[in-house]
2 protein chains.
Amino acid sequence: MKKSCFLFCALCFATILPAQDVFKDLRAAWLQKAEDTKPVLIETTKQPLTLDTLVKDAGVFQQWKAVPSQPIATLYNTSFIKQQTAVVDFGEHLTGYCSFTVEELNRAVDAPIRIKFTFGEVPSELTTPFDPYTGGLSRAWLQDEIITINEVPATITIPRRFAFRYVKLELLGSSGYSDFRISQLSVKATTSVNTTPAALAPSTDALIAQIDRVGLTTLKECMQTVYEDGPKRDRRLWIGDLYLESLANIYSFKNDALTRHCLYLLAGLSYNDGVAPSNVFERPRPHPQINPLFDYALIYDVAVKEYLDATGDTQTAQDLWPIVKQQLEVPKKYIGADGMMDYLRAGKEWWLFFDWRNGLDKQAALQGVVIWAYKNTYALAKKLGKENEVADLPALIKKMTEAAHKNLYDKTTGVFISGENKQVSYASQAWMILSGVATQAEGVKAFTVLPTMQQVVYPGAPYLYHYVMEAMIQCGMNKAAKDLMLSYWGGMVQKGADTFWEVYDPKDDFLSPYNFFPVNSYCHAWSCTPVYFIRKYPAIFQQ
Amino acid sequence: MKKSCFLFCALCFATILPAQDVFKDLRAAWLQKAEDTKPVLIETTKQPLTLDTLVKDAGVFQQWKAVPSQPIATLYNTSFIKQQTAVVDFGEHLTGYCSFTVEELNRAVDAPIRIKFTFGEVPSELTTPFDPYTGGLSRAWLQDEIITINEVPATITIPRRFAFRYVKLELLGSSGYSDFRISQLSVKATTSVNTTPAALAPSTDALIAQIDRVGLTTLKECMQTVYEDGPKRDRRLWIGDLYLESLANIYSFKNDALTRHCLYLLAGLSYNDGVAPSNVFERPRPHPQINPLFDYALIYDVAVKEYLDATGDTQTAQDLWPIVKQQLEVPKKYIGADGMMDYLRAGKEWWLFFDWRNGLDKQAALQGVVIWAYKNTYALAKKLGKENEVADLPALIKKMTEAAHKNLYDKTTGVFISGENKQVSYASQAWMILSGVATQAEGVKAFTVLPTMQQVVYPGAPYLYHYVMEAMIQCGMNKAAKDLMLSYWGGMVQKGADTFWEVYDPKDDFLSPYNFFPVNSYCHAWSCTPVYFIRKYPAIFQQ
């Protein structure tokens, strides 16, 4: 998830201050369980591999590549006043804390030293000037820090956590009467992953295997004390990212304790009206962001259902059932007598996400996500023996499904439409299929005709691509799903991705929802789901 | 002292590595005593007084003034995103560590905050862009730090020590979806001064009283765990600054323990050949700068003598006698049969300081400082009952004095000359008077005719002005001394100095030996000696 979404939400603030506090006591207990299950991070000290040269090349991603040019010993054994600048390459994406040592070289250091460190997930972050800053998110997300070293020798750990593969060092100030060298550059890398996932089938296509490796790294880097959305920037627990990461985790690292911790944390920080929070901060004390998000609240229920299916941990699911059940209320006041959601009113009163493609009409997706979440929650209730508490769901699902098909399916073109202007989008088809509004045949037809139509709204981010993939597989479009993976995620791999990017448009390397591509996250949770697809559907992806 | 002096010293490095270590065992004992007597700093928490507006004004020092414009509560109670920038005024010069609190304002802070702090001793440091940096000293001395705040609320102490009165805060990055305020800005100010000096006589001229106050503040700010040369920059213990500060301390704060600590530290860090180190660093472990300085080595002896005279602490003086005696050897190989120092050879083999006026011929000053130090050391020896160990001094002093008078006094003009080009300078007159080469009448004549002569080399810094003042008083030129104090130090006060500056030329507010006036130190030890003169000579200055 990302910040620009808040723009859509200026009207939603009022919803967080209802008169009564639905879960006052339960919330404290959930928060305590979250505290009790806080993951212990695995720390690994990593050394840089090489010094790199940054080379402009119109043929590579974002037109810059980092070429290993010298051994790291060259940095350590040479006056840094002579070097002035260096680009250090750790050879892999890391999330953690950087330390280095500064030592005199032949002469006493008689003045402070000023060094600028710039940490980059991709080479272009080291070559693009950050200022004057034109981006739409906080300038402070950019990973540059100017360090003043007052005493030499010294070993310094920069207190800020960074996400990066490359570090550029630039000397901004030193005394002409002294000399020094830098040594022992290292990173204390962190993750809450402590398992190795099963190997893929030997028959797996080489590019699929690479996609899997990059996806695993992406997931591992985002798995810290919560499922972060991206270790470079937000670092928060968003329900949308949690859901996708926990799916990938189920089929790879199997760190169920992290999922459990996150589900409790979200429950413990639910708003007073019982709505699951769109996203929460862990530090300095756990607290929710104040913007509720309609579709994420519903996805919380599905995440709990998937957790139970994967682990059999009925006790946690029972424990969380009150908040799961409460999310079912979110749509209810918008469901009309005809079974259609009042999209206009819901859109006025809530932040609806689904994707951040500007201009996306979300009527069909909204109808779909409610039916999908109701179905999943009903399945969960049955497993917990709670059907009687949600006895209204089957009829509601049926009514909403029929209404959606009646109002949103365009038999002439074979696609689902959305809104007053009958917009055709990938988002609408995906959610109509996932909700079961579309039959399998209708789904196949829709995805087949979409590429031939004009004015189709394509996905704006990997987050929606996940739901499109899932919908294709649900319709049995195995080849199309594999092709999409090879072209979309495979495209990133072929462009040199160490981890999957928050934003990827095969035709525009510089696309940024924040008007400044270096502030994009290049290791982003919602892009990691190939791990889930490849491992859940071996017949499609491992043959 | 300041760094540019090292330029003159490239040839001197060899002198620090003699074959034998003169004081190996003694040095360890001296260093241990320094360690045992390490001062405990007095910490005081200071609050800012006002928010200021920086106003351009061609009529004020360096053309910028800080005008109090709002109460500090305005900073604390207003969104900092609205303010974007603020100039905080603590109302006095402070040396210490700055803390501040960042708190949410109505909305969750969802991104890091990037704030630039610039600390200034004078307003122009807040208005002059530092980059691209053109100065001759390390850019890192400039007191600007960019802080990334990752979690809110937070109370942060910037780990670097600053010397300043003003702090400018500039917001460089924040999220448009959040808001915050800054509060509880404070400084933990440090000094090793814990006494209040005696009041001046009520009859004291108002400007003299102001000079005294500014001098006391300057001295107090420089008295930390050593006598620093200036708390903004070097922060080191230099013998030249120690000598002047300890003189001022004797007549004001009377912190004899600090002087004792510094004398032991210098002895403990003397070079292998027994020469007292020009300057030493305390951190990260005590170590000397590697450039020996001829005149400072000799001044060490005089500092010990003055310490003994002031305190009667014979034990310390006895303890340090070996290194005091060793400094007498520094000049010996350069003293010719005719009693004249071999200035050319000494100048080749040693760093000679006296002042940093470019082009100053130092022959007369060199001859003078040796005689002056020999006389003072002989007086010290007598107090310690060690005359027999320095029995050669009286004859040497006599021979050198006569030779100097014969070779350097120009009877026609009535001034002392220096070098092949017979240069006339304030430095030469001062040192010929202080050494006793000049009679009182000759001294008066010299200082009287100097202002009427062409091509006189004037002092370049307050350091030399001290010796000129002392020489004037030694000749009985009380009015001239008082006039000099009123015009020179009084000039700084009238230009708004909170503390005395490292560099002051009444005709050029922007003078900088480092080619960039914001890197000058505006609280500098060697400028504090009005405290000494006003209080040692009340008949001249307090009537």
Isotropic mean projected area of the C-alpha convex hull, the stretch B:484-543 (nm²): 4.4 nm²
Neighbour-limited loop hits for chymotrypsin sites (Phe, Trp or Tyr not before Pro), the stretch B:482-543 (at most 15 other Cβ within 10 Å; DSSP other than H, G, I, E, B): B:Phe510
In Å², rounded to the nearest 100, what is the total accessible surface buried by chains B and A against each other with a 1.4 Å probe? 3400 Å²
Contact order relative to length of chain A, as percent, for alpha carbon pairs under 8 angstrom and 6 or more apart: 18 percent
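Taking only DSSP H segments of four or more residues, each worth -39500 (n - 2.57), what value at 222 nm results for chain A once the sum is divided by all its residues, to the nearest 500 deg cm²/dmol?
-11000 deg cm²/dmol
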May I ask you to list the residues of the stretch B:105-132 whose amide nitrogen lies under 17 Å from a point 7 Å from Cα along the Cα→beta-carbon direction of A:Arg285? B:105-109
Label-point separation, B:Arg357 to B:Val67 (7 Å along Cα→Cβ), nm: 3.9 nm
Check B:Leu49: other-chain or 5+ apart residues with amide H under 5 Å from its amide H, H built from backbone geometry? B:Asp89, B:Phe90, B:Gly91
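Over 24 Å between Cα atoms, which of B:Lys82/B:Lys116; A:Lys386/A:Lys536; A:Lys348/A:Lys386; B:Lys232/B:Lys348 qualify?
Checking Cα-Cα distances, A:Lys386/A:Lys536; A:Lys348/A:Lys386; B:Lys232/B:Lys348 exceed 24 Å.
Counting other Cβ atoms within 10 Å, which trypsin sites (Lys or Arg not before Pro) in the stretch B:484-543 have at most 14 and lie in a DSSP loop?
Listed in order of number, the matching sites are B:Lys507.
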The long-range amide H neighbours of B:Arg107, using H built 1.01 Å from N in the peptide plane and a cut-off of under 5 Å, are B:Asp179
For the stretch B:179-250, rounded, prolate or oblate, judged on the Cα gyration tensor with a ≥ b ≥ c (square roots of eigenvalues), a/c < 1.5 rounded, else prolate if a/b > b/c? oblate
Just in the stretch B:375-414: which trypsin sites (Lys or Arg not before Pro) are loop by DSSP and have at most 11 other Cβ atoms within 10 Å? B:Lys411
Any idea which of B:His524, B:Val503, B:Ile540 is furthest toward the positive side of the dipole for the stretch B:493-542, if Lys and Arg beta-carbons carry +1 and Asp and Glu beta-carbons -1? B:Ile540
For the pair A:Lys479 and A:Ala539, the simple spin-label estimate (label points 7 Å beyond Cα toward Cβ) gives in nm 1.7 nm
Using a label point 7 angstrom from Cα along Cα-to-C-beta, what distances in nm, from shortest up, separate A:Glu387 from the other copies? 11.8
For peptide B:233-243, what's the mean number of Cβ atoms from other chains within 10 Å of each residue's Cβ? 1
Within 10 Å of each Cβ of B:133-139, how many other protein chain Cβ atoms are there on average? 5
Would you mind classifying chain B by shape? Square roots of the alpha carbon gyration tensor eigenvalues, ordered a ≥ b ≥ c; an a/c under 1.5 is rounded, otherwise it is prolate if a/b is larger than b/c and oblate if not. prolate
Go through B:Val449, B:Pro277, B:Ser178 and say which Cα lies farthest out towards the positive end of the charge dipole of chain B; charges sit on Cβ, +1 for Lys and Arg, -1 for Asp and Glu. B:Val449
Two-site label geometry, B:Asn194 and A:Gln318: point separation in nm, points 7 Å out along Cα→Cβ: 6.5 nm
Based on Cβ point charges of +1 for Lys and Arg and -1 for Asp and Glu, what charge dipole magnitude is obtained for the protein assembly as shown about its Cα centre, in debye rounded to the nearest 20? 60 debye
With every protein chain kept in place and ligands, DNA and RNA left out, what is the accessible area per residue of the stretch B:42-191? Probe 1.4 Å, answer in Å². 36 Å²
Axis-nearest residue of B (beta carbon) for the B-onto-A rotation, whole Å: B:Ile146, 3
Roll a 1.4 Å probe over the protein chains and send me the accessible area per residue for the stretch A:475-543 in Å². 32 Å²
Taking chain B as the reference, fit the longest principal axis to its C-alpha atoms, fit the long axis of helix B:24-36 to the helix C-alpha atoms, and give the angle between the two in degrees, 0 to 90, nearest 10. 40 degrees
Computed from the beta carbon distance with a Förster radius of 45 Å, FRET efficiency for A:Ala257 and B:Thr157 to the nearest 0.05 stands at 0.80
Proximal aspartates and glutamates relative to A:Lys479, as straight alpha-carbon distance under 19 Å, when same-chain residues fewer than 8 apart are discounted: A:Asp205, A:Asp212, A:Glu442, A:Glu470
To the nearest 10 degrees, the tilt of helix A:462-474 (Cα long axis) against the first principal axis of the alpha carbons of chain A is 40 degrees
Put a label point 7 Å from Cα along the Cβ direction on B:Thr452, then list its distances to the equivalent points in the other copies in nm, shortest first. 11.2
Placing a label point 7 Å from Cα toward Cβ, how far apart in nm is B:Lys536 from its equivalents in the other copies, listed shortest first to one decimal? 8.7
Using +1 on the beta carbon of Lys and Arg, -1 on that of Asp and Glu, and nothing else charged, what's the dipole of chain B about the Cα centre, debye to 20? 380 debye
May I ask you to give the percent of accessible area on the protein assembly as shown that is carbon plus sulfur, with a probe radius of 1.4 Å? 52 percent
Provide a list, ordered by number, of residues in the stretch B:153-178 showing at least 50 Å² less accessible area with every protein chain present than when their chain is taken on its own, using a 1.4 Å probe. B:Tyr177
Can you pull the mean other chain C-beta count within 10 Å for peptide B:99-106? 0
Quick one: if the Förster radius is 56 Å, what FRET efficiency do B:Lys56 and B:Glu389 give, using the C-beta to C-beta distance and rounding to 0.05? 0.35
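The values are calculated or read from the model by the stated rules, or taken from the named source; none is laboratory data. The model shown is predicted, which means the values in this text are computed figures rather than measured ones. Every residue, glycine as well, gets a Cβ built from its backbone with ideal geometry; the counts of neighbours run over all protein chains shown. Areas reflect the complete protein model, heavy atoms only, side chains present, ligands, DNA and RNA absent. Shrake-Rupley method; radii C 1.70, N 1.55, O 1.52, S 1.80 Å.
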